[in-house]
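Peer 1: Starting off with a structure, shown below.
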Amino acid sequence: MLRSVRVCHIMEQSGSRHERRRKVFLGEFRHTMDAKGRIVIPSRFRKELQQGCVVTKGLDNCLQVLTKTNWLNESEKMASLPPTEKTSRQLRRALFSGAIDSKLDSAGRIQIPENLRKYSEIGINDDVTVTGSGPVIEIWSTKVWKKIQNDADKAFANINEVKG
């Protein structure tokens, strides 16, 4: 049951017997990848990443930035997938092989290695969009993000029911 939204990026959610707090990242921010392959993380997200983070491949060719806690949760889910299923193996390989431990530098930037820049189609000096996407931060090529967001907006405008 949703109880409240504080500031713009922390949401409280009640559990069945006791309350637990979940960090939720919200918003959309435009930046540019610098000549050294670094991207500025929005200031409102930085506190949650002070202990470090993990950057990995996301769906639709974005990059995901996860807190250490969220990374542990996601990696446990991935590790529990059946190794006999080809799709599970491919998913684990993509997630783990593309992942890097990272820390914000003094200017609030993270370094994106070449393999992840290539995967996300973000080049040096390209425009990037950093989005809050619930428990993760996503980094997009702005060109790709505009198309993804346009498609999502059209789909959202035509949703008649939510299954769940």
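The values are calculated or read from the model by the stated rules, or taken from the named source; none is laboratory data. All values derive from a computational prediction rather than experimental measurement. Note that each Cβ is placed from the backbone with ideal geometry, even for glycine, and that neighbours are counted across all protein chains shown.
Peer 1: Within region 30-46, can you find the residues that are basic (Lys, Arg) and within 15 Å of Ser106 (Cβ to Cβ)?
Peer 2: Lys36, Arg38, Arg46, listed by residue number.
Peer 1: Just to be sure I understand the filter: pairs with C-beta atoms under 6 Å, separated by 6 or more residues or on different chains, first member in region 92-103 and closer than 8 Å to Thr56 by Cβ, second member surrounded by 13 or more Cβ atoms within 10 Å (Cβ to Cβ) and at pLDDT below 90. Which pairs pass?
Peer 2: Leu95/Met78
Peer 1: Further question on the same structure: Determine whether region 86-102 contains at least one residue that is among the β-branched types (Val, Ile, Thr), more than 17 Å from Val40 (Cβ to Cβ), modelled with pLDDT of 90 or more and surrounded by 14 or more Cβ atoms within 10 Å (Cβ to Cβ).
Peer 2: Yes, region 86-102 contains at least one residue that is among the β-branched types (Val, Ile, Thr), more than 17 Å from Val40 (Cβ to Cβ), modelled with pLDDT of 90 or more and surrounded by 14 or more Cβ atoms within 10 Å (Cβ to Cβ).
Peer 1: Going by what's in this entry, would Ile148 be described as touching a strand residue (DSSP E or B) at 6+ places or on another chain (Cβ under 8 Å), outside any helix (DSSP H, G or I) and under 22 Å from Glu28 (Cα atoms)?
Peer 2: no
Peer 1: Looking for whichever is at pLDDT below 95 and among the hydrophobic types (A, V, I, L, M, F, W, C) here; the options are Cys62, Cys8, Cys53. Which one fits?
Peer 2: It is Cys8.
Peer 1: Let me ask another. Looking only at region 125-156, count how many residues are more than 15 Å from Ile41 (Cβ to Cβ), of a type in the set (A, V, I, L, M) and surrounded by 13 or more Cβ atoms within 10 Å (Cβ to Cβ).
Peer 2: Qualifying residue count, region 125-156: 2.
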